[in-house]
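Enquirer: Sharing a structure, written as structure tokens. Questions coming.
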Amino acid sequence: MSTEQGVVEQVEPGWAWVKAKRLGASSGCGRYDHCHTIGGGNKMVIKAINLAQAREGDLVVLYLSTSAKFKCIATIYLLPVLGIITGAFSSNYLSQLIGMDPSWGMALFTVAGVVAAVVLMRFLANRMAHQERFTPIVKRIVRPHLNRSI
């Protein structure tokens, strides 16, 4: 399990909005509707399932399965690289097939590979957004907020 600590900013029924420090790998998740960067900095607010019944101000631990995290990272980072490689390696054959200058074909098909990869990436990210296994979970409260009213 991949973990990250953060402070609960807001609570909704069944959900907690947690402010956490943005780490390198956490920027690669496909859950666009669950994470929002604050002011373009290194903090982000994450919508997580609130199993620990955390309240505003609590310091909590967020959990995300390692396989889900790797799948998100692969979707964000590897698909564009594969698009570039596929476009570049197929450009010579495709350029000859349509009678285009190989230099122009290299540029055109490499860009086409990147565009196709980005379209595929967005499609996969939208599909992942509707699957609960890609949603972070608040399972543990590290430190309750001191001014909590019961």
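Enquirer: Among Ala129, Ala116, which is more than 30 Å from Ala48 (Cβ to Cβ) and not basic (Lys, Arg)?
Expert: Ala116
Enquirer: Is it the case, given these coordinates, that Met106 is outside any loop (DSSP other than H, G, I, E, B), at pLDDT 90 or above and closer than 28 Å to Thr3 by Cα?
Expert: no
Enquirer: Continuing with the same structure: Kindly check whether there is at least one residue in region 88-97 that is touching a residue at least 24 places away in the same chain (Cβ under 8 Å), of a type outside the set (Ser, Thr, Tyr) and out of contact with any Asp or Glu (no Cβ under 6 Å at 6 or more places or on another chain).
Expert: Scanning region 88-97 turns up at least one residue that is touching a residue at least 24 places away in the same chain (Cβ under 8 Å), of a type outside the set (Ser, Thr, Tyr) and out of contact with any Asp or Glu (no Cβ under 6 Å at 6 or more places or on another chain).
Enquirer: Which of the residues that make up region 85-107 are crowded, with 16+ Cβ neighbours inside 10 Å and under 21 Å from Arg122 (Cα atoms)?
Expert: Correct list: Thr86, Gly87.
The values are calculated or read from the model by the stated rules, or taken from the named source; none is laboratory data. Predicted, not measured: the structure shown is a model, and the values here were computed from it. FYI the Cβ positions are ideal-geometry reconstructions off the backbone, even for glycines, and counts take in every protein chain you see.
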